Structures are given as C-alpha cells and as structure tokens.
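Single-structure report; data block below.
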Amino acid sequence: MSKQAVGADDALIIVDVQNDFCAGGALAVPDGEAVVPLINDLAKAFSIVVLTQDWHTPGHISFASTHHRQAFETIELAYGNQVLWPDHCVMDSHGAAFHAGLSVPNAQMIVRKGFHPDVDSYSAFVEADHRTPTGLAGYLQERGVRRVFACGLATDFCVGWTALDARKAGFDVTVIEDACRAIDLDGSLDKAWADMTAAGVSRLTSNDLRLS
Ligand code: VGL
Ligand code: ZN
C-alpha cells in the first residue's frame, strides 16, 4: 500500500505527553515515554499541530483522594461513570508539564482540559459532562482542517475520547497507533478500539505516512 501524504488541511493532535503519564509519574502509562521521539518526528510533517495538556485543580473530582477511595475504583457522578485516578496533572505542577524530551516547536495551540473542579475531561473537544466544549472544534474548523490525526497518551482514555469527539465534530479521524500507549484497565483498550472503529475512526502506524 502506498503511503499517505500529509496535507495542509491535516492537523496533528498530540494528547497529554506529560510527566505524570510517563515513567516515574503519578499515573504512569506503561512505556508512555516511548512515544516521545516518534511524536517529535511526526509533528514535523504537519503544518497544524495542537498539544493537549491534562490540567486539574487540586482536589479534582477525578482524584480518588478527593472521595477517600482507592485509585482505579469507579463511582457514579452527576455526568456519569468516573474512574478515580491517583492525583495527577495538577495545574502548574511538574507532573503536568510536558515530558522534557517533547520537542514540537511548530505546535501552535495548547488545549488545557479538566480544569473545572467538578468535571473531568478526557477529550480535547468536550468535557466529561458531554456538553461543555473546549473550543477546539471551532479552532480547527476556522483553520480549515478536514482531517485530524491523533497520538499520545493514553490510547484508551484521552486519545480515544478525543478521536471519538473529533468524529462527532465532523472531522475525518485517524489514530497513529504506534505513537500511542494505553493504560488498559479492565479491557479498556479493546473497548476503546471497538468504539473508535464503530465510529469510523481509522488507525494506521507512522510507517503508513509519508513524512517528508
Ligand atoms: C488521562 C486518565 C486521567 C489520559 C487523563 O491522558 O488518558 N487518563 N486523566
Ligand atoms: Zn486526568
């Protein structure tokens, strides 16, 4: 199969490549930091690049400690089911900073998400209440984007939800598999791929792209 070219109306969304999702971080994704060199390389091929940053208040509603519960338990909140996470990506902390090896000088937009104390946001487009937009869809539309490529951490949470919402916003969506890593909690990775496939999200590896 011939490689796909990247064009002027393609955007790359680099999801949550932050210290807390890498080795030694509060919510380390297995092998998470391995995506960094690949993403640095991928980003060079895109003229529209967006970074996302998980950005929580101290005592955030998604933190197990807030509810005096154990990490990875789930609870029912006003907006639906919520996995309870270790405290992570607290705004302005070292854990919330991008991985030191991430080098994407041509990224033009940084979307912070999850900053409302009472609402989580895996997706870079819409918060977990399924109604509060971040503004990213409008930004991409105004810039003439038709196709969105997603990569980063974690495949089964923030990348997956971002990809699904990008579809809902009307973009063609492709996840670059080898530039993602997963948390994989109770089958969450299989479920994320099934949901993405059902929604018409494509998947490929970086080798399928012509990176000039
Ligand atoms: C994420 C869990 C909690 C992610 C963010 O980036 O996938 N996962 N917050
Ligand atoms: Zn989070």
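The values are calculated or read from the model by the stated rules, or taken from the named source; none is laboratory data. Given the structure is predicted, the values throughout are model-derived calculations rather than measurements. Virtual Cβ from ideal backbone geometry, glycine too; neighbours counted across all protein chains shown. Just the protein is used for accessible areas: all its heavy atoms, side chains included, with ligands, DNA and RNA removed. Shrake-Rupley method; radii C 1.70, N 1.55, O 1.52, S 1.80 Å.
First check a/c for the range 130-212, with a ≥ b ≥ c the square roots of the eigenvalues of its C-alpha gyration tensor; if it is under 1.5, answer rounded, and if not, answer prolate when a/b is larger than b/c or oblate otherwise.
Because a/c hits 1.5 or more and a/b fails to exceed b/c, the range 130-212 counts as oblate.
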**Item:** Equivalent ellipsoid dimensions for the range 33-102 as semi-axes, Å, which come from the Cα gyration tensor, largest first
**Value:** 30, 14, 11
**Message:** With every protein chain kept in place and ligands, DNA and RNA left out, what is the accessible area per residue of the range 1-102? Probe 1.4 Å, answer in Å².
**Reply:** 42
**Amide H within-cut-off set for C180, under 5 Å, with H built and near neighbours excluded** = G152
**Estimated Rh, the range 26-74: Kirkwood, alpha-carbon pairs, angstrom** = 13.9
**Prompt:** Counting DSSP beta bridges with both partners in the range 18-140, what percentage is antiparallel, nearest 5?
**Reply:** 45
**Prompt:** Against the longest principal axis of the chain, how steep is helix 188-198, in degrees 0 to 90 to the nearest 10, with axes from Cα atoms?
**Reply:** 50
**Complete:** Full extension between R146 and Q70 adds, at 0.36 nm per residue less the Cα distance, a length in nm of 23.2 nm
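In whole Å, what three semi-axes, largest first, describe the equivalent ellipsoid of the range 90-131 built from its Cα gyration tensor (square root of 5 times each eigenvalue)?
Each semi-axis is √(5λ); the values are 23, 14, 7 Å.
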**Asked** Quick one: Karplus J couplings for the range 41-55, per residue in order, coefficients 6.51, -1.76, 1.60, θ = phi - 60°, nearest Hz, x for Gly and Pro?
**Response** 5, 4, 4, 4, 7, 9, 8, 10, 10, 10, 9, 10, 9, 5, 8
**Request:** Hey, can you grab everything whose amide H is under 5 Å from the amide H of V6? Only 5+ residues off in sequence or another chain; H modelled, so Pro and N-termini drop out.
**Result:** R210
**Mean Cβ count within 10 Å, highest first, over the residues of peptides 37-46, 50-59, 90-99** = 50-59, 37-46, 90-99
**Item:** Cα centroid separation - the range 144-192 against the range 38-83, whole Å
**Value:** 13
**Prompt:** Taking N as the number of residues in the chain, what is its Cα Rg relative to 2.2 N^0.38 Å?
**Reply:** 0.95
